[in-house]
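Contents: one structure, followed by commentary.
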Amino acid sequence: MFHPLIFPCRVARNYLRSNCHALCACPIRGHGGAKTASDSDKSIQRGAFVTTDLQAKKFNYVFKWFDQNGDGWITRDDIEKMVKLFTPLADEKDQKNKSAMDKGFMNWWNLLLEARENKASEKIGKQEFIRIMDAVVIAPKNFEIAVGNIVDGLLGALDRDGNGSLSKEEYVGMYDALGIPPTTSTEAFRRLDRDSDGEISRAEFHQALFEYYLSADPNAPGNWLLGPMDVLK
């Protein structure tokens, strides 16, 4: 089985620092140069990060996925529907990994609620979601308790043969259960399998996760984590 998939703060910081050329001019204050006024049409500056156009599109894609009823808002009900979408991927008696996924989604929801501007509202719109993703959720500690917990449970549930990696069958089966057609997930698998050994290792999935949420490089394989790049156009 996968060892517990943990996303320690130092790993995220090291990723940001070592990949600053692919992320943005100044992903962490004190590292890299500052954006100029001429860059204002390509990025949105918030908090300690600079969200580029591509990153905002990826966050928008996540928003559309979370907005399960398609009404333009994310509510607790939408998050609970996401939990119900993911947890059946685990065996019926696999409470450990089901609980990890549930906890991750609830932590994500709580981060959104705590950072919302209108404290009287119990729903999050698209622009506020993108703002909070950039300013709060992708901060290393928060990323660990939200996204990290979900992926911990997901990979633990899917590694049915216990070899510590995902085969193409396991990977494609996962996305099929989430409503992604095999033609899409097969191509994504090919791109994320960086060493072409026919399996996606824990490290490869880990790298893809960071690239999807943190990288501004349009050619990063991790951009395929949730499907083909053309959905972001």
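What to note about this one:
- Count of the range 208-233 residues which are under 18 Å from Glu170 (Cβ atoms) and not hydrophobic (A, V, I, L, M, F, W, C): 1
- Test: residue in the range 183-191 that is aromatic (Phe, Trp, Tyr) and touching a strand residue (DSSP E or B) at 6+ places or on another chain (Cβ under 9 Å): yes
- Considering the conditions (1) surrounded by fewer than 17 Cβ atoms within 10 Å (Cβ to Cβ); (2) over 18 Å from the mean Cα position of the chain (by Cα), Asp159 is excluded by exactly one of them, (1).
- Residue list for the range 63-78, filter: buried (at least 18 other Cβ atoms within 10 Å of the Cβ) and assigned to a helix (DSSP H, G or I): Phe63, Phe66, Asp78
- Taking the listed residues Gly198, Gly164, the one that is within 25 Å of Gln95 (Cβ to Cβ), small (Gly, Ala, Ser) and in contact with a strand residue (DSSP E or B) (Cβ under 9 Å, 6 or more places away or on another chain) is Gly164, with no other qualifying.
- Beta carbons closer than 9 Å, at least 6 apart along the sequence or on distinct chains, pair a first residue in the range 41-63 that is of a type in the set (Asp, Glu) with a second that is at pLDDT 80 or above for Asp41/Asp53; Asp53/Ala216.
- Residues satisfying the stated conditions in the range 71-86, i.e. without any contact (Cβ under 8 Å) to a residue 40 or more places away in the chain and either touching a helix residue (DSSP H, G or I) at 6+ places or on another chain (Cβ under 8 Å) or among the acidic types (Asp, Glu) (or both): Asp71, Asp77, Asp78, Ile79, Glu80, Met82, Val83
The values are calculated or read from the model by the stated rules, or taken from the named source; none is laboratory data. Predicted model only: the values in this text are computed from it and were never measured. With ideal geometry, Cβ positions are generated from the backbone for all residues, glycine too; neighbour counts draw on all protein chains shown.
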